[in-house]
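The values are calculated or read from the model by the stated rules, or taken from the named source; none is laboratory data. Note that this is a predicted model, so its numbers are computed, not measured. For neighbour counting, all protein chains shown are included, and Cβ atoms are generated from backbone atoms with ideal geometry for every residue, glycine included.
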Amino acid sequence: MIQIDTIRIDGGTQPRANIDLTVVQEYHDAIVDGIQLPPIDVFFDGRDYWLADGFHRYHAFKQAGYKEVPALVKNGTQRDAILFSIGANAAHGLRRTKEDKLRAIRIALDDFEFSESTDAELAKLCNMTRQTVNRLRKELGIEQKAHEVTRNGETFKQAERKPSKLKKPAEKPKKEAKQVEVVIDDSKTQELAHQVTELADENEELRAKLAVQQMDATEEEKVSALDTINELRNRIKDLERELAAVTTSRNDFQQKNAELLKQVVYWKKKADQLEKQAA
């Protein structure tokens, strides 16, 4: 459950052309009647929560006066939320209209990484068939660009291969495997994990005591040595926690840095193209 007011919907992550107010009202009535709706999908970049899927549910919860909303939170940037959103609702929720699909393709082609994607690549990203992407792309007036292929050391441009018209042999119907629902009690798992940690700490403490008892020293020196060992062990744990936090921050930084480098390369390429056209 996250605070509704912390969720951002102003970053271009809305995949639909329009919000259907009738659907919002239906979801609102379901919430008021106590019906549990699926959680929304949001991406957290370390500062903001970007709504990627579940805009109708978001507005319904807000209309019903809720301060919190159930959500599946994924680590990712605003761009991650946008790319996730254009493939959402393909097989669940309110079905996408033609305008929604056109919007998804426009968003994908405006992205620095997918601007020159083939129909097949766009189809996978937007959760559509290749034929649908091809048809909508023509309506938008955006032709598919030939991609480069290298064979035997020679590079040339080649259009996307069309699917074969040969019929595949009919597959024998597969027997559906019985699904077994496995219920995991998180509270017991956490309790066992806590017990394991406590046992490991006790084991370390006993080893330290045995080592100190074997020392050729006075009782006062042994007590002092044991206190020092315990202080050092606690300090090590603190440092390990700090290291884990720094490692997580570093990984997030490296991911964002890689995305920025891709954007720089893309816009430099665009600038070079414009300069050639101007010349």
Check your understanding: under 21 Å from the mean Cα position of the chain (by Cα), closer than 24 Å to ARG95 by Cβ and exposed (fewer than 15 other Cβ atoms within 10 Å of the Cβ): does that describe PRO38?
Key -> yes
Point to revise | Complete set of residues in region 16-25 that are in contact with a His (Cβ under 8 Å, 6 or more places away or on another chain) and part of a helix (DSSP H, G or I) | key: VAL23, VAL24
Practice item. Kindly list the number of the only condition in (1) more than 16 Å from the chain's Cα centre (by Cα); (2) crowded, with 16+ Cβ neighbours inside 10 Å that fails for ALA30. Key: (2)
**Study point:** Among the residues listed as ALA245, ALA208, the single one being modelled with pLDDT of 75 or more, part of a helix (DSSP H, G or I) and not assigned by TED's automatic domain parsing to the domain that holds LEU109
**Key:** ALA208
Check your understanding: Are any residues in region 42-52 surrounded by fewer than 23 Cβ atoms within 10 Å (Cβ to Cβ) and not in a loop (DSSP other than H, G, I, E, B), and if so, which ones?
Key -> PHE44, TYR49
Study note, to complete from the structure: Scanning region 108-142 for residues that are modelled with pLDDT of 85 or more and aliphatic (A, V, I, L, M) gives ALA120
Review point. Is it the case that region 26-41 has a residue that's among the aliphatic types (A, V, I, L, M) and assigned to a strand (DSSP E or B)?
Key: yes
Check your understanding: Scanning for something modelled with pLDDT of 90 or more, of a type in the set (A, V, I, L, M, F, W, C) and touching a Gly at 6+ places or on another chain (Cβ under 8 Å), does region 22-40 turn up at least one residue?
Key -> yes
Practice item. Among residues belonging to region 56-78 that are farther than 14 Å from MET1 by Cα and of a type in the set (A, V, I, L, M), point out the one that is surrounded by the fewest Cβ atoms within 10 Å (Cβ to Cβ). Key: ALA64
